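Enquirer: Before we start, here is the structure in question, set down as structure tokens.
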Amino acid sequence: MERAKIIADPEFKIGEIDPRLFGSFIEHLGRAVYGGIYEPGHSTADEMGFRRDVIELVREMNVSLVRYPGGNFVSGYNWLDGVGPKDRRPKRLDLAWMTLEPNQIGPDEFCEWARRAGVEVNMAVNLGTKGIEEARNLVEYCNHPGGSFYSDMRIANGFVEPHRVKTWCLGNEMDGPWQMGHKTADEYGRLAVETSRLMKWVDPTIELVVCGSSNASMPTFGAWEATVLDYTYEQIDYLSLHQYYKKRNNDLETFLGQTIEMDAFIHSVISICDYVGAKKKLKRKMNLSFDEWNVWYQTETDEKIMKREPWQVGPPLFEAPYSHEDAVVVGLMLITLLRHADRIKIACMAQLINTIAPISTVAGGGAWRQTIFYPFMHAAAFGKGTVLDLQVKSPMYSNREFDAVPFLDAVAVQNEAGRELTIFAVNRNLTEPLPLEGDLRGIEGCRVLEHIVLESPDWNARNTLEQPNKVVPHQGGNASFENGALSAALPPLSWNVIRLVKA
Ligand code: AHR
């Protein structure tokens, strides 16, 4: 196997990593909330009904921020249903997922859960069936200290301290015809800009995310971003991107190549932002929030629940387990996000518990880590500091979908103190180890602290409650470092974390 080569030099940087790059997402969908974070009566539940075992796993995964309460759900949500005495909260039909919403968890409880889990909240407002009034009232309810109608309502509901939610989403996927209150780009752009003005008048310290396209293949992709930014650029702080992948037709090589499309998607969105910024003669660059990304499989069970067994509370939707292959693709997605850390400041793995999730639970039983838990945990733990402008030369493969897919994908991060360099790397080769040679200039005097590897002899292996450790990382990578030269063999189809520290 031809070797791959990387060159890193701390003098050449891409940008600083915002800790919010390692965010996640909890929607009122499936068993994410009911039966996920919230299960009163569970042996680990605290006095508010939150599962402590789940909170521990969220902390272990190093999640920094959680987007809430949707997703498609938010486009039909009335936040006032979810505050105040629980026995007086209405049960509502949620038309996004055809489930029954009991409103036992709302903004107050979720912000309290976030505090207990050590994560920041990224709150979405309903710009589908509701609008400016409800959005500005929710900012007042969450963030105003007191002495006004909605802040006093929060205090009366038992939450004296404001929730201090910093990051807010102006609706969700408003270009999608599946969205309640779906809008044209002009309709949405006008609504988003007016809503953002009032929200920031209530609390000028908040940051706002405006909806980009639901994914790169939307027919309106490109034009949507340009039009929405024409209305909102001066008022908002981030433009959103969403993308999910899955293995199709049992074609693993194509599945692994899809992050090339993700990279191109990000480049296109940056170009559109810069085009609108240039047209408006603005110096401020628009940053991005990749606030939904993951591997996602939908099954017949999901279809059956929504079409033939609707109106259940917390049904098991989108709980297909993840394989080793999926974990490698998640690793590739993380590398892609890190490579754009100069513009992507927020990203949310969608989602967090049970639904499209790295953490799974059993009602009344245990909780376990899916395979995709691990690359996220590593990236969030060691992806702190500055992303270097890594030069990568790799042997390639091609197939019907892609002309040239490098076997190696990698990114290098130097930590804040400059004492540690971490290389995240994936070998896409299915059968052979990839010899890697690294010219790491300017970081002489380092040693390899550890070379963590996630690999599996069975690419389809999955973790379950009974066998939670079928796919787990190990420390057995063979990276070595001498006189500024790194050398390693990356096992076939593997995720690697090579950590170097100043000796
Ligand atoms: O994460 C699941 C769903 O995917 C979200 O509700 C929606 O925004 C997206 O289409």
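Enquirer: Go through region 50-62 residue by residue and tally those that are in contact with a strand residue (DSSP E or B) (Cβ under 9 Å, 6 or more places away or on another chain) and in contact (Cβ under 8 Å) with a residue 24 or more places away in the chain.
Expert: Of the residues in region 50-62, 8 are in contact with a strand residue (DSSP E or B) (Cβ under 9 Å, 6 or more places away or on another chain) and in contact (Cβ under 8 Å) with a residue 24 or more places away in the chain.
Enquirer: In region 155-184, how many are more than 13 Å from LEU127 (Cβ to Cβ) and among the aliphatic types (A, V, I, L, M)?
Expert: Residues that pass the stated criteria total 4.
Enquirer: Does ALA350 qualify as being of a type in the set (A, V, I, L, M, F, W, C) and within 16 Å of the ligand (Cβ to nearest atom)?
Expert: yes
Enquirer: May I pose another question? Quick check on GLY70: is it surrounded by 23 or more Cβ atoms within 10 Å (Cβ to Cβ), small (Gly, Ala, Ser) and more than 16 Å from the ligand (Cβ to nearest atom)?
Expert: no
Quick grid of which residues meet (1) more than 16 Å from the ligand (Cβ to nearest atom); (2) over 15 Å from the mean Cα position of the chain (by Cα); (3) assigned by TED's automatic domain parsing to the domain that holds LEU430:
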{"residue": "ARG248", "(1), (2), (3)": "yes, yes, no"}
{"residue": "ASP251", "(1), (2), (3)": "yes, yes, no"}
{"residue": "PHE265", "(1), (2), (3)": "no, yes, no"}
{"residue": "LYS280", "(1), (2), (3)": "yes, yes, no"}
{"residue": "LYS283", "(1), (2), (3)": "yes, yes, no"}
{"residue": "PRO321", "(1), (2), (3)": "yes, yes, no"}
{"residue": "LEU334", "(1), (2), (3)": "yes, no, no"}
{"residue": "LYS345", "(1), (2), (3)": "yes, no, no"}
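Enquirer: Next question, about the same structure. Under the condition of being part of a loop (DSSP other than H, G, I, E, B) and within 30 Å of PHE382 (Cα to Cα), which residue from region 32-48 is nearest to the ligand (Cβ to nearest atom)?
Expert: Among them, the one singled out is ALA32.
Enquirer: Among the numbered criteria (1) loosely packed, with under 15 Cβ neighbours inside 10 Å; (2) touching a residue at least 24 places away in the same chain (Cβ under 8 Å), which one does ASP230 miss?
Expert: (1)
Enquirer: Let me ask something else about it. Which ones in region 83-100 are out of contact with any Ser or Thr (no Cβ under 7 Å at 6 or more places or on another chain) and either within 16 Å of the ligand (Cβ to nearest atom) or hydrophobic (A, V, I, L, M, F, W, C) (or both)?
Expert: VAL83, LEU93, ASP94, LEU95, TRP97, MET98, THR99, LEU100
Enquirer: Then there is this: Provide a single number: the residues in region 209-227 that are buried (at least 21 other Cβ atoms within 10 Å of the Cβ), more than 15 Å from ASN294 (Cα to Cα) and within 16 Å of the ligand (Cβ to nearest atom).
Expert: Looking only at that region, the number is 6.
Enquirer: Looking only at residues that are of a type in the set (Val, Ile, Thr) and over 27 Å from the mean Cα position of the chain (by Cα) in region 428-482, which one is nearest to ILE372 (Cα to Cα)?
Expert: Among them, the one singled out is THR431.
Enquirer: Which residues, counting only those in region 96-154, are within 25 Å of ASP53 (Cβ to Cβ) and in a helix (DSSP H, G or I)?
Expert: Result: PRO107, ASP108, GLU109, PHE110, CYS111, GLU112, TRP113, ALA114, ARG115, ARG116, ALA117.
Enquirer: Is it true that SER456 is within 24 Å of LYS5 (Cβ to Cβ) and of a type in the set (Ser, Thr, Tyr)?
Expert: no
The values are calculated or read from the model by the stated rules, or taken from the named source; none is laboratory data. Keep in mind the model is a prediction, meaning the values are calculated, not measured. All Cβ positions, even for glycine, are placed from backbone atoms using ideal geometry, and neighbour counts span all protein chains on display.
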